[in-house]
Amino acid sequence: MRQTEQQDREARADKKHYWLREDFDQLMELLPNIDDEKMRSRNSSTALIYPKSTEGAFRELRLRGLYVDGIYLWQLAEKGIVQPKGARPGMTWTGNDWLEWSKEDIDAAAEWIYENDQDRWSSWTHYCWVNNLRFGQCVKARRVAAARYKMGFSTSFDVLGLVTVIEPSTDPNEYAYIRFFPQGTKLEPQEATNVHSD
């Protein structure tokens, strides 16, 4: 394997390709109707109200690109891998969820799942990994395109039916950059500049 390919693999291994906390918080704060009572529920995937219930925690993780359910999170807590408030070793599911998941607890679960259980990566996390993309930048690019071209709003991102442009980074330590355009858009190749305004 050439040296540059090895460096690229090592740099990619250091980056995370699920939706990171800083990007998630920033983009969820911009949601329309975020103050709606339903959106603020402890069970909501998009609420920035913490602590969350186990349902809210797994729904947030799914939105952030890690496909888990409540039992999976409960098992991580039971094994001591994560320690939400109320967790104890050997606890068993009784049908009542008393665990309280802080941002830090959810992020610890996300990092552990990302590093140790790739079977739990969503298709979009795999997409970001393969293309060396930052998940949060993909969501932002989708929202910019939705506003600019009057496309439907989404809390995540979807490339289906869109013209997708991925600009690779010249630095293996940096993420590539993605843009979305309406179907049928004709684009001409440009000289790479790595300067982005979106």
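Laboratory data are not the source of any read-out in this text; all were calculated from the coordinates shown. Every value quoted in this text rests on a predicted model; they were computed, and no experiment measured them. Note that we place each Cβ from the backbone using ideal geometry, even for glycine, and neighbour counts take in every protein chain shown.
A protection proxy built from the mean count of other Cβ atoms within 10 Å ranks the segments 159-167, 106-114, 19-27, most packed first, as 106-114, 19-27, 159-167.
Each Lys or Arg adds one and each Asp or Glu takes one away; over the other residues whose Cβ falls under 11 Å from the Cβ of Val68, this sums to 0. Taking a straight Cα-Cα cut-off under 23 Å and skipping sequence neighbours fewer than 8 places away in the same chain, the lysines within cross-link reach of Lys140 are Lys15, Lys16, Lys103, Lys150, Lys186. In vacuo Debye scattering of region 134-197, one point per C-alpha: log10 I(q)/I(0) at q = 0.29 Å⁻¹? With no solvent term, the Cα-only Debye profile gives -1.38. With a simple spin-label model that places each label point 7 Å from the Cα along the Cα-to-Cβ direction, the separation between Trp98 and Asn173 comes to 4.8 nm.
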